[in-house]
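Where a number appears in this text, it was derived from the coordinates with a stated rule and is not lab data. For clarity, every value in this text was computed on a predicted model and none was experimentally measured. When we count neighbours, we look across all protein chains shown, and the Cβ atoms used for this are built from the backbone with ideal geometry, even at glycine.
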Amino acid sequence: MAKRVSLRDFQESLAGRLKAAKGEASSDVRLSFEAGASRWLVRLEGSGEVLPVPAIERVPRTRDWFLGAANIRGVLYGVSDFSAFLGGSPTERGLDNRVVLVGQPHAINAALLVTRLAGLRNLGDFSAAEDAAPESPWAQGAWRDREGKLWRELDTAHLVAHREFLDIAQH
């Protein structure tokens, strides 16, 4: 039987591993997550905190992928469903969902709802996916894991500055 770990212990463990990985000289470590059917890698310096999904207040007259505002330790963050933003299905809500504060390193209060975290990954375990066409301006590159699954690298600075991401008003 699998060992049960409390959510608090998991979060503390992940926070410790993220902090240790950020302190490493290697720039090959990435935070990985799934958003719907797509898989993403993000540089540690481009990602902020990873949190359980907080209460999100819907904002009227916004796009379907913009879920609303969440109060995270007294600061309001705009939360977007990353899968829906990419044109995929809305994220099916579940216990594995997380919110990644992608705007935090860029002084922007933006967060992404993701399907699930996939942990810390080393780029040494991937090979460049030269055959993968660029998906968007915020996709910095593409990689294949040892199983041949495609992973895209998210450039959070480009994402949070992109007009399409910033335009949350319903048209």
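Annotations
- Rounded to the nearest 500, the 222 nm mean residue ellipticity of the chain from helices alone is -5000 deg cm²/dmol, with -39,500 (n - 2.57) taken per DSSP H run of at least 4 residues.
- Restriction of the trypsin sites (Lys or Arg not before Pro) in the stretch 40-75 to DSSP coil positions whose beta-carbon has at most 10 other beta-carbons within 10 angstrom yields 58, 61, 73.
- Every Cα-Cα pair of the chain was included, and the share exceeding 27 Å stands at 23 percent.
- Rounded, prolate or oblate (a/c below 1.5 giving rounded, otherwise prolate when a/b exceeds b/c) for the stretch 37-122 by Cα gyration tensor: oblate
- Residue among 102, 37, 53 farthest towards the positive dipole end of the chain, charges placed on Cβ: 53
- Available extension along the chain between residue 61 and residue 96 is 9.8 nm, counting 0.36 nm per residue and deducting the alpha carbon span.
- Loop GluC sites (Glu not before Pro), the stretch 79-153 (other Cβ atoms within 10 Å of the site Cβ: 12 or fewer; DSSP): 92, 130, 147
- Sites matching trypsin sites (Lys or Arg not before Pro) across the stretch 136-171 that sit in DSSP coil, with at most 16 neighbouring C-beta atoms within 10 Å: 146, 149
- The slack between residue 167 and residue 120, meaning 0.36 nm per residue of separation minus the straight C-alpha distance, is 13.8 nm.
- Estimated distance in nm for a label pair at residue 27 and residue 135, the labels positioned 7 Å out from Cα along Cα-to-Cβ: 2.3 nm
- Total charge dipole magnitude, the chain, about the Cα centre, Cβ charges on Lys, Arg, Asp, Glu only, Debye to nearest 20: 520 debye
- The distance separating the Cα centre of the stretch 121-146 from that of the stretch 75-115 comes to 21 Å.
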